[in-house]
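Have a look at the structure below before the remarks.
The values are calculated or read from the model by the stated rules, or taken from the named source; none is laboratory data. It should be emphasised that the depicted structure is a prediction, and the values quoted were computed from it without experimental measurement. Here Cβ is always computed from backbone atoms with ideal geometry, including for glycine, and neighbour counts include all displayed protein chains. With ligands, DNA and RNA removed, areas are computed over all heavy atoms of the protein, side chains included. Shrake-Rupley method; radii C 1.70, N 1.55, O 1.52, S 1.80 Å.
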There are 2 protein chains.
Amino acid sequence: MRGELVLNEDNTHYYNSRRNPDITAAEVDAWVDQYAGTQVKELVLNVNCMRTSYASEVWEPVWSGFDPEGGEDQPLLASAGPAERNGAYQWIHMAWQLSMKGIDLYERWIARSRQLGISPWISIRMNDVHNVNDESHYLHNRLWRERPDLRRITGRFEEWTDRAFDYGHKEVRAYHFQLIREVVERYDVDGIELDWMRFGYHFRPGFESEGAVILTEFTSSVRKLLDEWEMKRGHRIKLSARVPSRPETALALGMDAAEWAQQGLIDQLVVTPFWETIETDMPIEIWKQLLRGTTVTLAAGLEVLIRAYPASKLRQMNTLETVRGAAMSFLNRGADRIYLFNYMDSQTAMADLHNYPNLLREAGHVETLRGKPRRHIVTYADTWAPGEASANILPVHCAAGRSRSIRIHIGEKPNQQAAMILIGMENGAGLLESGCRVYLNGQLCEWAGERILEKPCPEGAVFGFHIPDHAMKDGFHVIEVSTDHEVTLGWVEIAIGKLAPDA
Amino acid sequence: MRGELVLNEDNTHYYNSRRNPDITAAEVDAWVDQYAGTQVKELVLNVNCMRTSYASEVWEPVWSGFDPEGGEDQPLLASAGPAERNGAYQWIHMAWQLSMKGIDLYERWIARSRQLGISPWISIRMNDVHNVNDESHYLHNRLWRERPDLRRITGRFEEWTDRAFDYGHKEVRAYHFQLIREVVERYDVDGIELDWMRFGYHFRPGFESEGAVILTEFTSSVRKLLDEWEMKRGHRIKLSARVPSRPETALALGMDAAEWAQQGLIDQLVVTPFWETIETDMPIEIWKQLLRGTTVTLAAGLEVLIRAYPASKLRQMNTLETVRGAAMSFLNRGADRIYLFNYMDSQTAMADLHNYPNLLREAGHVETLRGKPRRHIVTYADTWAPGEASANILPVHCAAGRSRSIRIHIGEKPNQQAAMILIGMENGAGLLESGCRVYLNGQLCEWAGERILEKPCPEGAVFGFHIPDHAMKDGFHVIEVSTDHEVTLGWVEIAIGKLAPDA
C-alpha cells in the first residue's frame, strides 16, 4: 500500500526536552515506543548539527569543551545570552552524562526500532548553520571557527547561510565524509539520509552548477561506502537525500537529485521546504516524472510551521487538520511517503500536540485520511537559489473589476462533507462591502459571512463562502475572486468536513 | 552536430507583407530561398489562426464571407476599425486571389524547401484567439461565433484567452482534429507541429489536470493519424508540440509534454514563452532530464519581443546581439535546436532586420556564435497557469545595506572579449550616488559610469561595471548588488564583446 510516514528526530530535541542526566537506558528506549504500531515506518535519527550528539571521534560532540563542573558561566557558554545559557547548560550536561554512562541514544533507538518493526535510519545534516551570527557560539565546530575561508561568502554577513561551508572546497567534503564514515561504522542502520536542507546553501553564489557535479560525485562516494558496509552488515543500506521542493531550485542550488536517482545513487528522495512554512503545493508530479524508470521512493517533506506568505509576521504551527490537508494532497498527487520534520513529541511540535498520536496513525495513507476534517491552506515556497526569481501566491491584490485566481490541490474529493472557502483580509476592510464574488472551478460560492477560524489563522477578519457540492472534484481547484473595490487577500483555504463557525 | 534553427512562418505574414495579388508562383517560391544555405533546417509553416490560410474544406479559409468586389466596406470587415480595414482587405484579397489562381503557398513552399534541402513542416495553432474582444471580427470561425458555450470562460471577459475554446468539449477536439486530418492529407510534410502556445489556455480554470489526460489522448490520436499517413507517403512524419517554458506551468495548463515524450508520441518539443518577451532563462536542464531515455529533440523557443518585467511599458524587439546571447545560453544548456517564432522577414521581425541573414547563419550553433558580441538580458516568464504563483526577477528593489542577487546564464565563457554588467535604474536616481557595489560571482566589478545602450534598452539611465576577466566562467553567473540607499533596478544584462560606450 502506497503511503507511509517517515519521522525525523533532530539532534538536540531529546536532550533538550528531557534534561534529566539520571535518565535510564530503559527510559531512553521508551522514546521509540510511541511510534510503534503507528504509520511511522522509518525513524530518521539526526545525529549532528555542526557538532555531534554522540561521542564522535572525528568531529566534536556537543559537549566538547564543556566543563561538567563549570556551571552555567563557563567559557563554552560565554557568548550565549542569559536566557539561553541555563537551558544550554542543562541539555549539554545531559548529553555528556549519558555519554559517560555509556548510553548512546542512537544505538539504543536503532535496536529498539528494530524490535518494534520500525526501520532505523540516521540523518546527517550536511551544512547546519544555526547561530552563526555568533562566531563563538557553543554549537560551532573548530573547522568552521578556524577556517572562515571555507565559507560560502566571506565578504559580508546578512544571513546564516552566508556562513555555511562551501562544498567547493575539498576539505569541506572530506570533513563531512569522515563523519558519514564514522556514522556508518558506528551504527547498523537501514539507511543514511544526507540532509542537504539544513540549510540548503552549499556553494559560493554563482558556482552552483559546478557544485551540482561535485555533490553528485560526493553522493556517489557515499553510495560506494554504503556498498562496502552492506557486505559487512549483510543487509541493504539505503541512501536518501533531502532537497528543495522544486526541481529547478534544487538544481540551481547544486542538488541534482534527478541525476542521483537516475544514476542509482539514492533510494529515497525527500522534497521539502526549509523551515518558514509547510509548502502545500510542491510539484510532486514533476518529481515523479523525473524519477521515472527508477525505484526511488518520493517523500513529501512537511515542516511544522505554517505561514501564508513571506512577509507575514505570524508564526503558527500546523495542526492535525492542516497536516491532513497537506498529506491527503501529496499522497493523491503521487508521493510515496509523507515525511515529518520538526514534528517531534514536544517543544518543536504541532500546535495541538494532544493530536500527535492521531497524526502518526492517519497522515501516511489516503485511506486513514479520508472522511476526516481537513484544511487546505495556501502557503509558499521558502527556498530559492541566489538570483532566481521567487514566487508566492499571497498576498493577492484584487483590482476593482478584475478577477484573480488561486489554486489549491485538495487530493480526493470529499464524500458527503461540506466544504467552505475561507478568505482572510489583509487590509481589514469587509469583503462583502467590496462586492466580492467567489467562484470555485467556475461555480459561484454563496457568501457565508464572517467566520471564526481556529489557529492557524490570519490576524484580520476571515470570511466564508459555501462551496456547492457539485463544484468539488479530485485534485486541483481554482478559486476566482473578483471585487468591485480594491482589496488585498492574505489568507485563502478550503476547509473540508468541519467548517469555521459564524463570527 | 547539435544545434540548428527551426523557423516558424505565421499564417498571415506573407499575405500581409506582399499584398500583391498578381504575384507569380515563382515569386512565391522565392520566399523559401532566403533560408537556403542557412542554419534553418526546418521551416515550420503555420496554416491557420481561427481560420485557414489555404482553401480548407473543413474550416473556413480567411476569405470565407469575403466579397472580392465588395471593397473595404463589406460585411466581413464591418467590425474592423478604419485603420485596420484597408490592410485587412488587401491581404485577404491577396489570399483569395492566389487561391483562385491555384497557387497554394504551402504546397509550393514545401516543394521548394525539399529542393533546397530544408525539411518542411506544418504548424497548426490549436487555439488562436486573436481579436476575440470583437465577436464579429473577420478572423473568427463559425463554430467559435455560434457556440460561446464551447469557450473556457463564459461568465466574464477580461483577456483574449478567456474566450479560447475549451478542449474539455468533444466538439472542440473533433473540430481541430479534422483540420489536422485535412492538412496531413493535403500536404506531404516531414512533420506536423501542434502549436499549443497560440494561446496556451485550453481548459476551464480548475480543469487543467483533467485536461492533461485529454490532450495526451488527443496527441496520441494525432500520432496514429500520422502513422497511417507514413504508410501512404512512404516516409516518416514527425510530430512536434509547442508548450510553456517551464514543466510545472505546462502541466498545470494541461500540457503533459514529458508524458507525450515518454509515450513516444512526439519527436520534438518546443518550450517557449508566449509573446510578451523572449525568456532568457528557461529551465533547459530540467526539460532534458524529463526527456531522458527518449529521442525527442528539445527546441528552445525564442519570441521576438524583449521586455524586462511584466509591468514594463516598453515594447522592443530583439536584435542579432540579444538573440546571440539567448541562443548561446540555451545551446550551452543542452537545447538541441533554437526555434524562431515571429522572426519573419519583415514587419513582425527583429529590430535590426538588416542582420537577419546573419542571424539565420549564426544562431543555431555555438560554433558560429563564439567570439561575436552578444547580450545576456534578464527577462521573465510570461505564461502561468490559473492560480499558480508567478515570478519575475525585475524590478529588483535594493534596500539599504542589503545585497540582492540576479542570475544570468551566458553559455560559454568569452575568450578574450571584454564584458560588462549594465544596470538600468528604475527610479531615475544615480547608481553611484547610491553607494552601489556590484559583484559577479563574488568578484568586485569596477564602476564604469553611465553608458549609452543601443536598443533594446530601458527608458532611464544605464550604468556599467567592468567585469574582471577572472570572474567570468561558463554557465550561470550571479550578480550581487548592494547599495547604501534604496534604489530599484529595472534592467540588468551582461554584455560581451561590444561594450556600451560612455554616456
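Using the Cα gyration tensor of the protein assembly as shown, with a ≥ b ≥ c the square roots of its eigenvalues, what is the shape: rounded (a/c below 1.5), prolate (a/b larger than b/c) or oblate (neither)?
prolate
How much FRET efficiency would the formula 1/(1 + (r/R0)^6) give for B:L143 and B:E84, where r is the Cβ-Cβ distance and R0 is 30 Å, rounded to 0.05?
Result of the calculation: an efficiency of 0.80.
About its Cα centre, how strong a charge dipole does region B:396-496 have in debye, to the nearest 20, once Lys and Arg get +1 and Asp and Glu get -1 at the Cβ?
240
Once you charge only the Cβ atoms, +1 for Lys and Arg and -1 for Asp and Glu, what is the size of the charge dipole of region B:273-393 about its Cα centre, to the nearest 20 debye? Could you put the intermediate results ahead of the total?
Details: 13 positive and 13 negative charges, 58 e Å.
I would put it at about 280 debye.
I'd like the accessible area for A:L359, computed on protein heavy atoms only with a 1.4 Å probe and all protein chains in place. Round to 10 Å², please.
We get 0 Å² for A:L359.
In peptide A:382-394, what is the residue-averaged number of other protein chain Cβ atoms found within 10 Å of each Cβ?
Rounded to a whole number, the mean comes out at 5.
Report the label-to-label distance for B:D67 and A:E72 in nanometres (one decimal), using points 7 Å from each Cα along the Cα→Cβ vector.
It is 9.7 nm.
Suppose you put the label 7 Å out from Cα in the Cβ direction; list, shortest first and in nm with one decimal, how far A:G87 is from each other copy's label.
6.8
Would you kindly work out the equivalent ellipsoid of region A:14-377 from its C-alpha gyration tensor and give its semi-axes, the square roots of five times the eigenvalues, largest first in whole Å?
Over the Cα atoms of region A:14-377, the semi-axes work out to 29, 26, 22 Å.
Could you work out the helix-only [θ] at 222 nm for chain A, with each DSSP H run of four or more residues adding -39,500 (n - 2.57) and the total divided by the number of residues, to the nearest 500 deg cm²/dmol?
Details: 13 runs with 136 residues, N = 503.
Here the helix-only value at 222 nm equals -8000 deg cm²/dmol.
Can you tell me the equivalent ellipsoid semi-axes for region B:368-421? Use √(5λ) from the Cα gyration tensor, largest first, whole Å. Mind showing how you got there, number by number?
Numbers: eigenvalues 164, 73, 11 Å².
In descending order the semi-axes read 29, 19, 7 Å.
Could you work out the pair-distance distribution P(r) of region B:306-435 from its alpha-carbon pairs, with 5 angstrom bin width and percents rounded to whole numbers?
The calculated distribution, bin by bin, is 2, 8, 16, 18, 19, 17, 11, 6, 3, 0.
Among residues other than A:S64 whose Cβ falls under 15 Å from its Cβ, what is the net charge (Lys/Arg +1, Asp/Glu -1)?
Its environment carries a net charge of -2.
As a test of reading the structure, rank B:R19, A:R242, B:R85 by solvent-accessible area (1.4 Å probe, protein chains only), most first.
Sorted descending by solvent-accessible area, the residues read B:R19, B:R85, A:R242.
Between A:E210 and B:A400, what's the calculated FRET efficiency when r is the beta-carbon distance and R0 is 30 Å? Round to 0.05.
After rounding to 0.05, the efficiency reads 0.40.
In nm to one decimal, list the spacings between the B:A55 label point and its equivalents in the other copies, with label points set 7 Å along Cα to Cβ, shortest first.
With the label placed 7 Å along Cα→Cβ, B:A55 yields 9.5 nm.
Could you pull the copy-to-copy label distances for A:G37, with points set 7 Å along Cα to Cβ, in nm to one decimal and sorted shortest first?
Taking the point 7 Å beyond Cα along Cα→Cβ, the inter-copy spacings are 8.5 nm.
With a/c under 1.5 counting as rounded, go ahead and sort region A:84-144 into rounded, prolate or oblate using the C-alpha gyration tensor (a ≥ b ≥ c being the square roots of the eigenvalues; past the cut-off, prolate if a/b is larger than b/c, else oblate).
oblate
Would you mind working out the magnitude of the charge dipole of the protein assembly as shown relative to its Cα centre, with +1 at each Lys and Arg C-beta and -1 at each Asp and Glu C-beta, to the nearest 20 Debye?
For the protein assembly as shown, the charge dipole is close to 1300 debye.
Report, in whole Å, the centroid distance computed from the Cα atoms of region B:457-471 and region B:94-140.
Cα centroid to Cα centroid, the span is 43 Å.
Using the Cα centre of region B:273-411 as origin and beta-carbon charges of +1 (Lys, Arg) and -1 (Asp, Glu), tell me which of B:N318, B:P373, B:Y339 is placed farthest towards the positive end of the dipole.
Final value for the positive-end residue is B:P373.
Taking each residue of A:438-449 in turn, how many C-beta atoms of other protein chains fall within 10 Å of its C-beta, and what is the average?
The mean count of partner-chain Cβ atoms within 10 Å per residue comes to 2.
What ranking of A:M317, A:M425, B:M231 comes out by heavy-atom accessible area, probe 1.4 Å, highest first?
Ranking A:M317, A:M425, B:M231 by accessible area, largest first, yields B:M231, A:M317, A:M425.
In what order, largest first, do B:H365, A:H130 sit by accessible area if the probe radius is 1.4 Å? List each step's numbers first, then the result.
Numbers: B:H365 20, A:H130 60 Å².
From most accessible down to least: A:H130, B:H365.
Estimate the FRET efficiency between B:K224 and B:A55 by the formula 1/(1 + (r/R0)^6), using the beta-carbon distance for r and 25 Å for R0, to the nearest 0.05. Don't skip to the end; give the middle numbers.
Numbers: r = 26 Å, r/R0 = 1.05.
Plugging the Cβ-Cβ distance into 1/(1 + (r/R0)^6) gives 0.45.
Count neighbours as other Cβ atoms within 10 Å of each site's Cβ, and list the GluC sites (Glu not before Pro) in region B:349-442 that are DSSP loop with at most 16 such neighbours.
Those that pass, being in a loop and sparsely packed, are B:E433.
When only Cα pairs under 8 Å and 6 or more residues apart are kept, what is the percent relative contact order across region A:100-244?
Numbers: 181 pairs, mean separation 40.8, N = 145.
RCO, region A:100-244: 28 percent.
Suppose we consider the axis relating copy B to copy A; can you name the residue of B with the nearest Cβ and state that distance in angstrom as an integer?
B:A391, 2
Using a 1.4 Å probe and ignoring any ligands, DNA or RNA, find the accessible area of A:V492 and quote it in Å² to the nearest 10.
Surface accessible to solvent at A:V492 totals approximately 0 Å².
For region B:246-261, what does the Karplus curve 6.51 cos²θ - 1.76 cosθ + 1.60, with θ = phi - 60°, yield as ³J(HN,Hα) per residue in whole Hz, taken in order and with x for Gly and Pro?
Taking θ as phi minus 60°, the curve returns 10, x, 4, 5, 4, 5, 5, 9, x, 10, 8, 4, 4, 5, 4, 5 Hz for region B:246-261.
For peptide A:401-410, what's the mean number of Cβ atoms from other chains within 10 Å of each residue's Cβ?
So the per-residue partner count for this stretch is 4.
Which ³J(HN,Hα) values in Hz, rounded to whole numbers, follow from the phi angles of region A:263-271 under the Karplus curve 6.51 cos²θ - 1.76 cosθ + 1.60, where θ = phi - 60° and Gly and Pro get x?
Using θ = phi - 60°, the values come out as 7, x, 7, 10, 10, 9, 10, 10, 9 Hz.
Could you run the Debye sum over the Cα atoms of region A:396-496, one equal point scatterer each and no solvent, and tell me log10 of I(q)/I(0) at q = 0.14, 0.15, 0.20 Å⁻¹, two decimals?
Treating every Cα as an identical point scatterer, log10 I(q)/I(0) equals -0.47, -0.55, -0.98.
Hey, what did chain B get for relative contact order, percent, Cα under 8 Å, at least 6 apart?
Values: 1105 pairs, mean separation 67.4, N = 503.
After rounding, I find 13 percent.
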